[in-house]
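Worksheet: one structure, shown below.
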Amino acid sequence: MQKSIAVFMRGLAALLIKPFLQNAAMASACLAAISFPFSVAVSNAALAATLVFALVSGLLWQGIQLLRQHHAILLLAWAIMLGLMLLSLAWSPDIKAGIGKIGHLWFVLLLPALTSLLQDEKRRQAFFLSLSIGLTAHLIYCIVQAIDLFGIALPAAGATGPNDPAGLIGHIGFGFVYGLWAGWLIMHALHQHGWQRWLPLLLALWAIGMVFIVQGRGGYLTTLVLLFVIFWKEFVHGRLGRRTPWFIAGTMLLLTAFALGPGQERIQLTWQQLQQIASGDIKDSDPRVPMWIAALKAWQLKPLIGHGVGGYMEANQSVIEAHPNLSTPFLGHPHNIYLLAMVREGIVGLASLVFLLSIWIYSGWRRDWSIDASGYLIAASGLAILVNGLTSSSFEEHYSGIMAIWILSSGLAMAYERKDRV
C-alpha cells in the first residue's frame, strides 16, 4: 500500500512539475528574445535559465532524441564539427584559449532544447512575437540614434552612431539578424491575408532599409541572398509565379532607392576598395584583406590539421612577424569562418564546416516552402552563416550565432510537427 502511494505521489508530482518547468523554459526563452537586441547579459541569463529548465524537465534530452530520429545527418554534422574542435585541443599551443573558444559555443545546446520546446505552434508564435517585439523596439532605437534626437548620446555597440545607426547590436551582426528576420516576415506574410499580410511586409521593408543604412556590407550581401532565395522558391518555382513581375518590380524599386539614398556611400566605398585590391594596394583597401592573406599563410604552415582551436593567435602573430605589411589591429580572428577553420583544423576543419553547412541548407531547401515556412527557417539560417561567414566570424559572433540557432530550431520544430523527415 505504501509503495503504491509513493508511486502515485511521484507520478502526481511529475504531472504537476513538468508542465511548470516547461512553461518556465518558454517564459525564459521569450524573455531572451525580447532582450536580445538590448542586453547580452540579460539575454544570456535568460537563455541559461531556459537550458536549466529544459534539462530538468527532460526537454533537452527529448530534443536530442528528436534530432537523432528525424534529423540524424544534421546532428551528425554538428557532432563532427564540434568533436573536431575538441580533438584539436590535443595539438593546440594554447589549450586555455581553445577551451574558451569552444565554451563560447555553449548556445549550440539551445538547438535540441528549443527544437523540443517549440514543437507547439502557440509556443512558436509566442517566441516569434517576443523576438519581433524586441527587434522592432531596437529599430526604433536605431532611428532615434540616426536622427541624433536632441543631441542625446545613446549607448551603442562599438563605434556606431548617427552615421552608422546599428544600435546595441553593432554593424557586424546587424545585417545578419535583420536580414533573417525580414525574410521570415516576408515568408509569414505570404501565407496570410489582410492586415496580417501587410503589417509583416511593412516591418520587413523597414528592416531591409535599416540594413542598407548600417555599415555592415556583409549584411547587405546576406540580406540580398535571402531575398533572392525567397524569390526563387516562392515566385519562380512556387505557387506565386504569377506575381513574379510585381515582386521583381518592387525589389528593384527598393534596391534602387537604397542605392541612390542611404546605401550610396557604402556602395561607392566598396567599389573603391575593390579597385585598390585589384591594383595591389592592400593596406588602403578593406582592412580584412591583410587578415585574409595572413590567415592563408598561417594555414600553409600546417595545411592538414591546422594549429588547433586555440592556435590562431600564435600562428597569425608568427606570419605578421615575417610579413609586417599584413599587420592589422584586429588579431582575434580573420573575419572569415572558412579561413578560421583552415587555420585551426586545416583542410579537415574546412571539410567539416562545409559538410555542416551543406546538410543544414539542403535540409531546408528540399522542403516545399509554399506549405509552411519551415523550409525557409532551416535553409535561410544556414545560408546566412554561409554568406556572412565570408566577411565575419559569423557563427562564433554572439548575435549571429544565437539568431541562427533560434531560427534553425524553430524550423526543425515546425518540420517535426508535420511528421516529415528533413
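Looking for something outside any helix (DSSP H, G or I) and surrounded by 15 or more Cβ atoms within 10 Å (Cβ to Cβ) - is there at least one such residue anywhere in the stretch 59-79?
Yes - at least one qualifying residue is present in the stretch 59-79.
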Say whether the condition of being under 30 Å from Asp372 (Cβ atoms) and surrounded by fewer than 18 Cβ atoms within 10 Å (Cβ to Cβ) is met by at least one residue in the stretch 84-101.
no
Mind checking which residues of the stretch 116-144 are in a helix (DSSP H, G or I) and either of a type in the set (Asp, Glu) or farther than 28 Å from Ile208 by Cβ (or both)?
Ser116, Leu117, Glu121, Lys122
Does Phe107 count as within 22 Å of Ser374 (Cα to Cα), of a type in the set (Phe, Trp, Tyr) and in a helix (DSSP H, G or I)?
yes
Please find, within the stretch 330-374, the residue that is surrounded by the fewest Cβ atoms within 10 Å (Cβ to Cβ) out of those that are among the acidic types (Asp, Glu) and touching a residue at least 12 places away in the same chain (Cβ under 8 Å).
Asp372
Within the stretch 18-30, restricting attention to residues that are over 13 Å from Arg123 (Cα atoms) and touching a residue at least 12 places away in the same chain (Cβ under 8 Å), which residue is surrounded by the fewest Cβ atoms within 10 Å (Cβ to Cβ)?
Lys18
Is it the case that the stretch 298-313 has a residue that's surrounded by fewer than 15 Cβ atoms within 10 Å (Cβ to Cβ), over 26 Å from the mean Cα position of the chain (by Cα), of a type in the set (S, T, N, Q) and modelled with pLDDT of 85 or more?
yes
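The values are calculated or read from the model by the stated rules, or taken from the named source; none is laboratory data. Just so it is clear, the model here is predicted, and its values are computed rather than measured. Glycine gets a Cβ as well: all are built from the backbone with ideal geometry, and neighbour counts include every protein chain shown.
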